[in-house]
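What follows is a single structure, written as structure tokens, with notes after it.
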Amino acid sequence: MNIRLRLLCLLLAFIVVASGCHSTPEHAKYIPKNALMVAEINTKELSKKIAWSMITNNSLWEKLRGKKNKADSIRQSEFIKNMQEAGVDELNTFYAYLNNNGSNTQEACFIALVPLKDAMKWESFIKKSFPGTIIKDNDKRKEAKLDEHIYAGWTNSLMILVSLQETGSFIPDDGSAPQTTDNETRMAAYLESAFSVSSDNSLLSDKRFAQFEKHKHDLGFWVNIDAVMSNYGAKNLGAVTGGISLSNNMWRNSAFSAATNFEKGRVLTEMMMYSSDEFKELNKQYSNKDVDEDLVKRIPKENLDYVFGYHMSPEGTLKTIEKMGMLGMANGFLKEQNLSVEEILSAISGDMVFSMNNYRQTKETILFDSTDASSAFNSYKTDMDFLFALKINNKQAFEKIVNLAVAMQLIESAGADVYKLKSGTSDSAAIVIRNGYASFSNKSRVAQSFADGQYSSQPSLKIKEYVLKHPFGMFFDFSSWAKRSEGMLAATKPDSMVYAASIKTFDNIVFNGGKLEGDGFKYQMSINLVNKNESSILQLLDFGKAMQEAQVIRDEEARILMQEVRQRQEAMEAELAE
């Protein structure tokens, strides 16, 4: 009996693990390790939630695809809507990546991996949709230039599309004249490289991406931060660091992944942020502490629209600045004020919170011309209570910073433990430093009440679940906020249509996480919809349809307005001619 029970438990455990994993598509091996960015769509998983034809036949599809000339629009629509007839394996995973062009930042090369089911059907589709196209057979595969910017190559099971976009004239760093080759030759070279990715140079050789691909998701996104920074970002860092160059160890081997799933009632995106090898040990030592619970409990609860809580490790931040080689420079600047980075970071615990309550609008009528009643129009004044607060760690160090701010006339005393900014805020704004916390609000009563703990109570279940028990947590109650924003959001008929659809569709947004899992920090964002029992894709398509219908009205109103302007111009020109 015990043996059977153990076998049953093992079987159940296997089913649970297997249900969250799937085999990685064979053609994923063609993604190079140094690709800057990778996007993927798993139509097989999506087809379990909604028929693909419901997306491609939706009128919103044309809007999402953007403006194209008529011939291109027809060809692309036929391809997307009839992928099976074009020989494409429509229930599979499609990848697209931005090729790493090294120092040539003036030419963007996008490459798509499209699985084929029937190569002969694909060739027939080309001949029908791209008449006059020459199909070349080079033994390894077949190739064809579809237009000036798209080149295709295919085998029996895979098609690779190369799209080349010029972003400006390219002048080599050595000042020599750039080599000029026609688009077709360059695209053919990119295609050859795309088909020649070795296993060692495949992104699947990166264990992090390989693990990412094993888990089911509808949409996927991968960013090679190392490659992006090495090729692009490092050139622009000088403006931020005061001309100091940073070692590429700061971002070596860093990456970001995001997996999105369209579930019933919500769109869930799980993210992993992998920092550089340089910071691995530092992350293990100073990560995974949750935001202070008492700090979050102190925020006002009534009409809470937005809350953000975060724990930053002061010790970890200090070590990071030191590793970046900027600690000496920063302390050099602070020395004149008798301060140091160490002293500033020791003053706070690293826990902070921001909240927004009581968002409201007040309607007022304004006369554009005080003598003409017909020139009246409605305007809306907005008001809210916002609060930013942090927990004090070293009272003496914090008071030193405050006294310096007073001496520099940035703030001024307004009573016991209360300060006001010298400029840029309303008279009611205040900073209150009391009971181990520093709070700033646009309403003095809010900052005072927070410091005195007058709002302290058990937070709502949503705050407990979404903000507490995480190093980082954010909650935006869209539904509550939007219902008090109707005047401004629904000022016109098309705006009212979009507003009504948004109220019907969206409930709230949650973004939290920040704990270290393996070599990366895990985050998740959930866009929660009103109808918890219906497919999120269907709800989003309905919302998109409402937006499209509203845009049709806007376009028609703009057309009528332009017509009236032209008629007035013509009338004025006719008068002048007489």
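Read-outs throughout are calculated quantities, based only on the coordinates presented, and are distinct from any laboratory measurement. The structure presented is a predicted model; accordingly, all values stated were derived computationally and were not measured. Using ideal geometry, Cβ is built from the backbone for each residue, glycine included, and neighbour counts are taken over all protein chains shown.
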For E315 and A416 in the same chain, what is the full-extension length gain: residue separation times 0.36 nm, less their Cα-Cα distance, in nm? 33.2 nm
Using the structure shown, select from K117/K140; K117/K264; K216/K284 the pairs with a Cα to Cα distance greater than 23 angstrom. K117/K264; K216/K284
Ordering of 200-206, 307-313 by packing [mean C-beta count within 10 Å, highest first]: 307-313, 200-206
What does the highest-first list of 568-574, 512-518, 88-94 look like by mean Cβ count within 10 Å? 88-94, 512-518, 568-574
Of the listed peptides 132-145, 27-40, 540-553, what is their order by residue-averaged count of other C-beta atoms within 10 Å, with the highest listed first? 27-40, 540-553, 132-145
Ratio Rg/Rh, restricted to the range 458-556 and using Cα atoms, in which Rh is the Kirkwood radius: 1.09
